[in-house]
Amino acid sequence: MNEKIKSIKEELTTDIKNTHSMKEVADLKVKYLGKKGLVTELTSNMKELSIEERKEVGKLSNEIRTHVTEELATIEKKLELEELNQKLEKDTIDISLPSDKIKRGSRHPFNRIIEDIEDFFVSMGYDVVDGPEIETDENCFQRLNVPLGHPARDAQDTFYIDSEYLLRTQTSSVQARTMQKNQEKTPIRMICPGKVYRRDDDATHSHQFGQVEGLVIDKNVSLADLKGTLELFAKKMLGENTKVRFRPSFFPFTEPSVEVDVSCFKCGGKGCSLCKQTGWIEVLGAGMVHPNVLRMGGYDPEVWTGFAFGTGLDRFAMFRYAIPDIRYLYTNDIRFLEQFDRKDEENEIK
Ligand code: DAH
C-alpha cells in the first residue's frame, strides 16, 4: 500500500509539472480521483480486507485523496491566474480613450424664443392664449377688416381647405377669437404664439412658420403705449442698447399702422451685411386696432381703444442664433439641434 501511495505521489508530481492548461487539470482529476482513478482504486478491494486493514487503508487513501485534491487545486489556481494575466495583457484597455458621449437633449431654438417672449409679456400682465391652426376665413380675414374679395388677401398666399376653412396665415386670427370670447367686454391683454402657414418655400420663407400676436384693449390706450411696450420688448429680446423706430405702414386691421424696426444688433446701427447697410432691421407689424375690428369683436370704438402687433418668431431665432436657412428650424436635423446646448443658452442675448 505504501509503495502504491508513493508511486501515485511521484506520478502526480511529474504530471503536475507537465500540466499547462485547465483542460489538462480536468483530465488529471479524472485520472486520480475519478470512478476508476488511481486513488479510488486503492480502496477497490476493501471487501476482502480485515477490519484492521480496512481502517489502515481507509486512512491512507483519505490522506492521499486530500493530498491529490490540494495539489490539483493549487495548480488549478495557478493556471487560472496565468490565463487571466495573459488575457489582460492581450486585451489592454486604453483608459485615455474618450468614452461614448451621452447625448443630451436641448431646448429647440424656436421654443427658447417663445419662452422668452412669454416671460416678458407675462411679467407685464398679459395672458398667453392659444388658437386653432385650422381656422375660419371669418376669423382669419373678415373679422380683421379683410372682407371677401379684398386685395389685402393677395399678400398672404393662403392654403384653403374649402370656402369656409383655411390654415391660418397669421396669428392675428386669435385677436378676433379673443374679442368674441370675452363676453363681458372687459380689457384684454394677451399674446398668442403659434404656427401659421403660407404658400411659400425658400431660404427665408417656409410654408410653416411661427408668429406671435399681441393685443391690448382698454380705455385710453395710445400709440405711445404701443411704442413703450415694444421698446421694452426689443431691449429684452435683443439687448439693452437696442433702439426702436416706427415707420408708417398699412395693415387692414390697424389704423394707424406701423412697421417697427430695431437698430441692428450685429453692427449697433453702423451698417453691415445683416442690416443691408441700413443700420435697421424690420421685426414687427403693429398699430392701433381698427374701429371696424373693435366693432366686429363687440367693443364700442367710442369707448375702447387698443393696439396690436405681430412678429415672426423664426426671424428672431435666425437673428439670435445666426441661422442661415429658415428650414433648419423645421427639419429636426440632429446635427443642427446639437449646436444648441446649455452653454449656448447662457450666452444668449438677454
Ligand atoms: N398679421 C400680420 C402679418 O402676418 C402682422 C401684424 C401686423 C399683426 C400688424 C398685427 C398688426 O397685429 O397690428 O404680417
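A few remarks follow.
- Within the stretch 280-313, considering residues that are out of contact with any Gly (no Cβ under 8 Å at 6 or more places or on another chain) and polar (S, T, N, Q), the one surrounded by the most Cβ atoms within 10 Å (Cβ to Cβ): T305
- When the stretch 135-154 is filtered for residues that are within 16 Å of T171 (Cβ to Cβ), free of Cβ contacts under 8 Å to residues at least 60 places away in the same chain and within 14 Å of the ligand (Cβ to nearest atom), the ones remaining, listed by number, are E135, N139, C140, F141.
- Taken together, the residues in the stretch 291-308 that are farther than 28 Å from T242 by Cβ and touching a Leu at 6+ places or on another chain (Cβ under 8 Å) amount to 4.
- Just one of the listed residues (F316, F246) is part of a strand (DSSP E or B), surrounded by 15 or more Cβ atoms within 10 Å (Cβ to Cβ) and of a type in the set (F, W, Y), namely F246.
- Any chance S106 is surrounded by fewer than 13 Cβ atoms within 10 Å (Cβ to Cβ) and of a type in the set (S, T, N, Q): no
- Residue list for the stretch 209-234, restricted to those being crowded, with 18+ Cβ neighbours inside 10 Å and either in a helix (DSSP H, G or I) or modelled with pLDDT under 95 (or both): F209, G210, L226, T229, L230, F233, A234
- Enumeration of residues in the stretch 155-175 that are more than 11 Å from the ligand (Cβ to nearest atom) and of a type in the set (A, V, I, L, M): I161, L166, L167
- Cβ pairs under 8 Å, 6+ apart, first in the stretch 324-336 and part of a loop (DSSP other than H, G, I, E, B), second crowded, with 16+ Cβ neighbours inside 10 Å and hydrophobic (A, V, I, L, M, F, W, C): P324/M318
- Residue match in the stretch 109-131 (condition: touching a strand residue (DSSP E or B) at 6+ places or on another chain (Cβ under 9 Å), in contact (Cβ under 8 Å) with a residue 12 or more places away in the chain, aliphatic (A, V, I, L, M) and over 30 Å from D333 (Cβ atoms)): yes
- Scan of the stretch 250-268 for residues that are more than 16 Å from the ligand (Cβ to nearest atom) and crowded, with 18+ Cβ neighbours inside 10 Å, ordered by number: S263, C264, F265
- Restricting attention to the stretch 179-202, the residues that are within 12 Å of the ligand (Cβ to nearest atom) and of a type in the set (S, T, Y) add up to 1.
The values are calculated or read from the model by the stated rules, or taken from the named source; none is laboratory data. Everything quoted here is computed from the prediction, not taken from an experiment. All Cβ positions, even for glycine, are placed from backbone atoms using ideal geometry, and neighbour counts span all protein chains on display.
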